[in-house]
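Before any comments, here is the structure.
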Amino acid sequence: MYSANYLANRLRKASLGREDAPFLRNHQTGETVSYGAFFANAERVASVLAQAGLKPGDRVAVQAPKTQAMLELYVGTVLAGGVFLPLNTAYTGPELSYFLKDAKPHVLVCDPEKLDELKSIAADAGVAEILTIGSDESGSLPNLRDGAEPEFDPVVRAPEDLAAILYTSGTTGRSKGAMLTHKALASNSETLKDYWQFTKDDVLIHALPIFHTHGLFVATNISLMAGSSCIFLAGFDAATILDYMPKATSMMGVPTFYVRLLEQDDLAEAAKGMRLFVSGSAPLLAETHDRWNAVTGHAILERYGMTETNMNTSNPYDGERRAGTVGFPLPGVELIVTDPETGAKLPDGEIGMLEVRGPNVFAGYWQMPEKTAEELRENGFFITGDLGRVDEDGYVHIVGRGKDLIISGGYNVYPKEVELEIDELPGVDESAVIGVPHADFGEAVVAVVVPEKGARLDPDTITTGLTGKLARFKQPKRVLVVDALPRNTMGKVQKKQLREEYARLLS
Ligand code: MCA
Ligand code: AMP
């Protein structure tokens, strides 16, 4: 009966008839939730959403703690024909206000602790219904779910219908909503499940947040599609992960996970029975890859993706997982390297802009046709903003970013967004925000600030001034006050020079 709904059908298929098989082993509650119970709850949530007046295509925004209830909301939204719109729990009220006004969701689901703050923000954005999910699985949504009818007829959804919108920061400081179709999400997860050989016998350590592609569409969708189970952790904690490893088969993480796990004494013993470690969202240093291999005997499998495209390339499951590369284009994904200026295809081996095309590519940016046209070519190739090359054996190397982006611990920070906030603060003339190497986060945010003429600036006042305006992970780990920013003859700020000058600031 799920067959009418393209994505839900594919998320359900592997567990049909295996209702008692475990899906989530919830670390917080200590309970294991079976596939049957999980989908019954997701159907009840779909009923609650329909009761609340959700129509096909309506958005359901959620900024809630990582819980089983939030995963039920994801699947429930898909079943109800809605568009799931998860938001980073670190976002502040002003940041949330932008997303709500832009996406105009029918429903907002938030942490009960934020309800008072978000009520007026949601009302301003025209949100019809606010529900809550707390970190202990309580809240108004779980309450309504428990009183709802257990069966729901999934709303008909075609491959090209939207299943989710995920916001990704824009170079101008304005985030863009990447529109993801049922087909894009389903096809990519199906490909990855096969490529990485996930089966019902897998037990995945799930410690990533579920408001981004990596934790939601890669880790969760693959588990559902394989009918495997997840050890579901609210967040990353090295000791807890080590405790679970002997009961698990696989883990997905950002490079910071691997750097931190390498500091644990018992890693080699704990990792013995694991079959797969996947890394992505940011570059994994070859040094981390090699150390992991030396300690555990496992070669981390690195892959490369984006919010707009889900996963594009992966190192092989069987075959050499080459450190410092992101492997080969996935089956069905085409990858070309082009001249960043002209867009012309470059000869093999040359460094240029990576462009990708395939069923995984998004349908465009929400209500931003000009932005869509700038980045998504008419022939279907998406201009990633990443610079790379393909070596003689076909492995893709990412050598840099054409876009002005900092990736800190797997979270993206757009310097412009931070600079705009800093420049608003009293006594600031201008600022330049850069990423510098950081042993734990890979890159860390640093702000170089010039005071107004005659003004005295204390770095702490910048830090305090940003509180409540920007999510903590976007805030500079260090603020430097200088007399002037380096510029070229055209007057353009030389960020490269700043990055070189401060390369060892935090390492
Ligand atoms: C936390 N903090 C950070 C970060 N995380 N600062 C900079 N960068 C970060 N990533 C700050 C907090 O604001 C806080 O600061 C202090 O560090 C401690 O916070 P806590 O929550 O305890 O940190 P943590 O639990 O140690 O978190 C680090 C983490 C986490 C586990 C690496 O950031 C994480 O789970 N990252 C994964 C992100 C992810 O899933 N990315 C996938 C995006 P203060 O004390 O000052 O308040 S999807 C994607 O990129 C594409 C599509 C792809 O290819 O996957
Ligand atoms: P997001 O905007 O969160 O979708 O982040 C996507 C960006 O993360 C990509 O455009 C890359 O710059 C980066 N990224 C993801 N995976 C990798 C990887 N394995 N190596 C290097 N960069 C990566």
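Going by the structure shown, is D146 in a helix (DSSP H, G or I), surrounded by fewer than 18 Cβ atoms within 10 Å (Cβ to Cβ) and touching a residue at least 40 places away in the same chain (Cβ under 8 Å)? I'd like the intermediate steps shown before the answer.
Working: in a helix (DSSP H, G or I): yes; surrounded by fewer than 18 Cβ atoms within 10 Å (Cβ to Cβ): yes; touching a residue at least 40 places away in the same chain (Cβ under 8 Å): yes.
Spelling it out, D146 is indeed in a helix (DSSP H, G or I), surrounded by fewer than 18 Cβ atoms within 10 Å (Cβ to Cβ) and touching a residue at least 40 places away in the same chain (Cβ under 8 Å).
Let me confirm something: among N310, N315, which residue is farther than 15 Å from L208 by Cβ, in contact with a strand residue (DSSP E or B) (Cβ under 9 Å, 6 or more places away or on another chain) and within 16 Å of ligand 2 (Cβ to nearest atom)? Write out each step before concluding.
Working: N310 fails: farther than 15 Å from L208 by Cβ.
Checking each option against the conditions leaves just N315.
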Based on this model, can you work out whether P209 counts as surrounded by fewer than 23 Cβ atoms within 10 Å (Cβ to Cβ), in contact (Cβ under 8 Å) with a residue 12 or more places away in the chain and touching a Gly at 6+ places or on another chain (Cβ under 6 Å)? yes
All but one of (1) modelled with pLDDT under 95; (2) closer than 17 Å to T213 by Cβ hold for D348, so report the exception by its number. (2)
Examine the range 475-495 for a residue that is surrounded by fewer than 18 Cβ atoms within 10 Å (Cβ to Cβ), touching a residue at least 12 places away in the same chain (Cβ under 8 Å) and either within 24 Å of the chain's Cα centre (by Cα) or on the phi > 0 side of the Ramachandran plot (or both), and state whether such a residue exists. yes
Any residue that is part of a loop (DSSP other than H, G, I, E, B), in contact with a Gly (Cβ under 8 Å, 6 or more places away or on another chain) and of a type in the set (A, V, I, L, M, F, W, C) - is there at least one of those in the range 198-205? no
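From G349, G332, G324, which residue is of a type outside the set (D, E), assigned to a loop (DSSP other than H, G, I, E, B) and under 26 Å from A178 (Cα atoms)?
Values: G349 fails: under 26 Å from A178 (Cα atoms); G324 fails: under 26 Å from A178 (Cα atoms).
Step by step, each of G349, G332, G324 is checked, and only G332 is of a type outside the set (D, E), assigned to a loop (DSSP other than H, G, I, E, B) and under 26 Å from A178 (Cα atoms).
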T32 fails exactly one of the following numbered conditions: (1) farther than 15 Å from S229 by Cβ; (2) hydroxyl-bearing (S, T, Y); (3) within 26 Å of the chain's Cα centre (by Cα). What is the number of that condition? (1)
Search the range 273-283 for residues being within 16 Å of L208 (Cα to Cα) and in contact with a Pro (Cβ under 7 Å, 6 or more places away or on another chain), and hand back the single one that is surrounded by the most Cβ atoms within 10 Å (Cβ to Cβ). S279
With the condition kept exactly as written, say whether any residue in the range 8-23 is closer than 17 Å to L216 by Cβ, assigned to a strand (DSSP E or B) and not β-branched (V, I, T). yes
List every residue pair whose Cβ atoms lie under 9 Å apart, where the two residues are 6 or more positions apart in sequence or sit on different chains, the first residue falls within the range 285-304 and is within 22 Å of E443 (Cβ to Cβ) and of a type in the set (V, I, T), and the second residue, located anywhere, is away from ligand 1 (no atom under 14 Å from the Cβ) and assigned to a helix (DSSP H, G or I). I300/H289; I300/W292; I300/N293
With touching a residue at least 12 places away in the same chain (Cβ under 8 Å), within 11 Å of ligand 1 (Cβ to nearest atom) and not hydroxyl-bearing (S, T, Y) as the only criterion, which of G280, G273 stands out? G280
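The values are calculated or read from the model by the stated rules, or taken from the named source; none is laboratory data. Here the structure is a predicted model, which means the values were calculated and not measured. Glycine gets a Cβ as well: all are built from the backbone with ideal geometry, and neighbour counts include every protein chain shown.
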